[in-house]
Amino acid sequence: MSTDAPPSPAPVREGPAQRLRAAVLGASARLTGLAVAAALGIGAVVLALSAEETREALDDGLGPALVAGASAVGRAYSALLQGSVGSLGALSETLVAATVLILTGLAVAVPLRAGLFNIGGEGQVIAGGLVGGAVGFAVTGLPLPVHLPLAIVAAGLGGAAVGWLPGFLKARTGAHEVISTIMLNNTLTFVLIWILTLPLVQVEGRSDPISRQVLDSARLPRLLEGLRVDAGIILAVLVAVWVLWFLDRSTTGLELSAVGANPAAATAAGMDPARTTVTAMTVAGALAGLAGGALIVGLQGRITPGFSAGLGFDGITVALLGRGTVVGTVLSGLLLGALKAGGRAMQARSGTALDLVVVIQALIIVFIAAPGVVRALFRVRADVGEGARISQGWGS
Amino acid sequence: MRLELRGITKRFPGVVANDHVDLTVEPSEVLGLLGENGAGKSTLMNILYGLTSADEGEILLDGRPHVFADPGDAIAAGIGMVHQHFMLVPVFTVAENILLGAEPLDRLGRFDRGRARDAVLATAERFGLPVDPDARVEDLPVGLQQRVEILKALYRDARLLILDEPTAVLTPQEADGLFESIRGFRAAGRSVIFISHKLREHHAIADRITVLRRGRTVGTIPAAEADAQELATMMVGRPVVLVVDRAPAAPGEPVLEVRALGVEDPPGTALVADVDLTVHRGEIVGIAGVEGNGQTPLVEAVTGLRPVTAGEVLLRGESIVGRSRRDILRAGVGHIPEDRYTDGVVASFSIADNLALTLWDDERFSNGRTRDFDAVAESARRVVADFDIRTPSIATTAGSLSGGNQQKVVVAREFDRPIDLLVAAQPTRGVDVGSIEYLHQQIVAKRDEGTAVLLVSSELDEIQALSDRIAVMFRGRLVGPFPAPVAKEALGLMMAGVDPAEALGGRAA
């Protein structure tokens, strides 16, 4: 057998996006789990150090300070757990947060497969919410089974348009998608504020930029009496199933993967990297647009400035934590949704600042992006064969 | 310095890459290391250079055991290695690259350019390897980049130089230059381990040849006594047919007609000029030439990877100029790209996906939107068996296969769909002897089925073994084709630009 040749090197011409793609898609589930554990661990240390009772107990010596710190961590983390999965209401809040996170996460995962880094989730969420919301309050006289799907589709199209543009620019001029999507985020943020002051959009009798109320015929129905979770989570799961097919089973998905892994070989096989880039970014925009739409015709009911609240950026965390896979992205969307919901409960019950959740999220990203750190931390051995991969020629 | 490796054993999960390998290199000796892809040559050299550690065995230098934890230890002990993929910083100058990590500093602790230049020039002169210390590495041809790598090792006072397939990236002339340098080191008392697939290169440069097969030392023989057939047999483990057995061609109607083809990139710079060429059904037309004389753009233009700026390309009488690569492939053109790592396979994809890559959305492997995994797997299993691709499973990634087996994947993919024209560029580059034999037989078999074959190779042996007609490319222009056989000397002269009438010695062209 000649299969004992150690693996050959990856193609030489790699950009940062390609390397990120390889790092994210190549990470093991175990490493990801360890990254979350490490982030929670360091979060606990930060929490213990910043708790007031720890600092007070420090006057009595190191021992009491340690005890006080541990009890602060215990109270905060148990509030976090309670607030995310401790009750039906908590679960409802977790699912509400997870709905948009899953969708914006997928909006990063899809282009990542094609070697593209979509930082534009924020702008795409805004566009989706804006267009979906406008259809929701401006179109009248339709029954819910028509009006609601119409608003949702409109949200997807709005996001798709904002995703298409950087894809088109990259395909046509080579403009880097990271730059153009970031700039579009700002553009959309201010376009939103301007649109919200237009007479047909702004709620009558108000001077601040806030839109009219989405009609009931376009609102996502709540699933349970008295709880905020709505049909958006069903939408998110259905979309995730579609994305699973799209990435892993469709012919276009294979083009995305091939272009992402080796554009030269994809071209040689007759694929069109430029068209694939546009497709990936457009689909990504549609997914983020759906997130914005689900938010506006669901939970919020009207469009406000800043309604996107960094959800597009959270999507990056979700997709990276989900290792760029669809199932992983759904699971990490649920996990970060739980952190979000639990974080609010933690702030209310134990007085721990919500910022800690942001710190934990940021730490997760650091550990995912730097797998070497996690390996060193937990002494995980390098993946099989990696040692032999350091330098390889064409030969054996 | 005398090197001795004793009982080196390295196990990877599931495989023994090196199984009690013994090897010695005497002072002032060039040891040829020969073996198929996957025989364990690179693993052995990585152990010697400290890139990975052996599970068992010891490394002795002048009789004293050494342990190399990293390349730094190996370099300090006088071992230098030139990898096949160069480890140079493209935007740095030659001097900066050579001195990287050992920079001379001035009194203020800054990089001392003057002393750096002098040091590089002194080393270059001492070993007869002239370079321009101020040239940027990215501007240099591959042969000179390799020279920089060698100087890097020599500057660090390497007494044993490991050259990992050094000729794979070189033109024949550059290879001759390299051999001259190697003889120089030997005369200066240094030793060289020379790794190559090519039997005749071992004959040309090695003093002794050690053959590895499946991780074991098969034997060591003096180069002077080694005969090609014997070496090939040792390497593969069975008798290998080195001469391709083929019947005379029976050419049919034209399949590919290239008329006054021109390729410019960027506009104004002609890469290919005024090329006329016809390839008929059932014949192999070989294009010889030193690399970089327009063969690559010609192949790219014919197969739809590069726009045609002048002339016509006809497939079965219809123009394919301006059509997409996908259309051209589906119209019956098979292409074996010259760089299989870059263009041939997606290393992270499974063998099955790679085998379906050019027909990914064809009805054979999909319903147009959803892929048919059963069809992909079924086809892959059949092809893997038919083409003797050595792999544990069809789900194995292409990147983990040996070079020869990767090339079989590329060839099998093109051969397993209906094609009228096969364009094979460097089809056996970096492939071991056993696989070369197989690939050559396959190409001839394809010809006998009535496919038109355009073969581009920088290996004259390959061109002569396979071609029914032979053309030579020089500076973007095509000379010929002439009916085979054409004498090697005549081809060599035309490759250097000599007029064909003169090169062929008055023979009717």
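Pairs to check: B:LYS41/B:LYS488; A:LYS170/B:LYS152; B:LYS41/B:LYS408. Give those whose C-alpha atoms are more than 30 Å from each other in this structure.
B:LYS41/B:LYS488; A:LYS170/B:LYS152
In whole Å and largest first, what semi-axes does the C-alpha gyration tensor of chain B yield when each eigenvalue is scaled by 5 and square-rooted?
One finds semi-axes of 40, 28, 23 Å for chain B.
Give me the one-decimal Kirkwood hydrodynamic radius in Å for region B:344-417, with the sum taken over alpha-carbon pairs.
With all distinct Cα pairs of region B:344-417 included, I get 11.9 Å.
Which three extents, in whole angstrom, do the alpha-carbon atoms of the protein assembly as shown cover along their principal axes, largest first?
Result for the protein assembly as shown: principal-axis Cα extents of 99, 77, 54 Å.
Just to confirm a number: summing +1 for Lys and Arg and -1 for Asp and Glu over residues other than A:LEU47 whose beta-carbon lies under 15 angstrom from that of A:LEU47, what do you get?
Numbers: positive: A:ARG55, A:ARG75, A:ARG349; negative: A:GLU52, A:GLU53, A:ASP355.
Surrounding charge for A:LEU47 is 0.
Can you compute the modelled spin-label distance between B:ARG183 and A:VAL359, with each label point 7 Å from Cα toward Cβ, in nm?
About 7.1 nm separates the two model spin labels.
Given a Förster distance of 45 Å, report the FRET efficiency between B:LEU105 and B:ARG477 from their Cβ-Cβ distance, rounded to the nearest 0.05.
Details: r = 51 Å, r/R0 = 1.14.
My answer for the efficiency is 0.30.
Rounded to whole Å and sorted largest first, what semi-axes of the equivalent ellipsoid does the C-alpha gyration tensor of region B:26-80 yield via the square root of 5 times each eigenvalue?
Ellipsoid half-lengths, sorted descending, are 18, 15, 11 Å.
What is the gain in length, in nm to one decimal, between B:ARG382 and B:SER53 on full extension, counting 0.36 nm per residue of separation less the C-alpha to C-alpha distance?
Extending this stretch completely gives an extra 114.6 nm.
Taking the Cα-to-Cβ direction at B:GLU230 and at A:THR140 and moving 7 Å from each Cα, how far apart do the two end points lie in nm?
Reported label-point gap for B:GLU230 and A:THR140 is 10.0 nm.
If the chain between A:LEU227 and A:THR187 were fully stretched, how many nm would it gain, using 0.36 nm times the residue separation less the Cα-Cα distance?
Between A:LEU227 and A:THR187, full extension yields 10.9 nm more.
For region B:442-481, what number results from the quotient of the Cα radius of gyration and 2.2 N^0.38 Å?
1.24
Any idea which of B:VAL384, B:GLY322, B:ALA102 is furthest toward the positive side of the dipole for chain B, if Lys and Arg beta-carbons carry +1 and Asp and Glu beta-carbons -1?
B:ALA102
Zone of A:SER87 (label point 7 Å along Cα→Cβ, backbone N under 18 Å): which residues in region A:296-340?
Only A:338-340 pass the distance filter.
Of chain B, which part is the longest with no GluC sites (Glu not before Pro) in a loop (DSSP not H, G, I, E, B) and with at most 14 other C-beta atoms within 10 angstrom?
Working: sites that count: B:GLU363, B:GLU449.
In short, B:1-362.
So what is log10(I(q)/I(0)) for region A:64-170 at q = 0.18, 0.21 1/Å, when the Debye sum runs over its Cα atoms only?
-0.94, -1.06
Taking springs between alpha-carbon atoms closer than 10 angstrom, which of A:GLY293, A:GLY351, A:GLY63 fluctuates most in the Gaussian network model of chain A?
Highest fluctuation among the options: A:GLY63.
Using the basic label-point model (7 angstrom from Cα toward the beta carbon), what is the B:ASP265 to A:ALA370 distance in nanometres?
A separation of 4.1 nm, rounded to one decimal place.
Could you quote the convex hull projected area for region B:1-146, Cα atoms only and averaged over all directions, in nm²?
The Cα convex hull of region B:1-146, projected and averaged over all directions, gives 10.9 nm².
Around A:SER84, what is the net charge, scoring Lys/Arg as +1 and Asp/Glu as -1 over all other residues with Cβ under 10 Å from its Cβ?
+1
Express in % the proportion of alpha carbon pairs of region A:16-381 at distances exceeding 37 Å. Please report the intermediate quantities before stating the final value.
Working: 15559 of 66795 pairs.
More than 37 Å apart: 23 percent of the Cα pairs in region A:16-381.
Beyond 24 Å, what percent of the Cα pairs of region B:251-356 remain?
Percent of Cα pairs beyond 24 Å in region B:251-356: 28.
Over all distinct alpha-carbon pairs, what is the Kirkwood Rh of region A:251-356 in angstrom?
The answer is 16.4 Å.
Only the coordinates and a few stated rules stand behind these numbers; no lab work does. Everything numeric here is computed off the predicted structure, so don't read it as measured data. Note: ideal-geometry Cβ built from the backbone for every residue, glycine included; neighbour counts use all protein chains shown.
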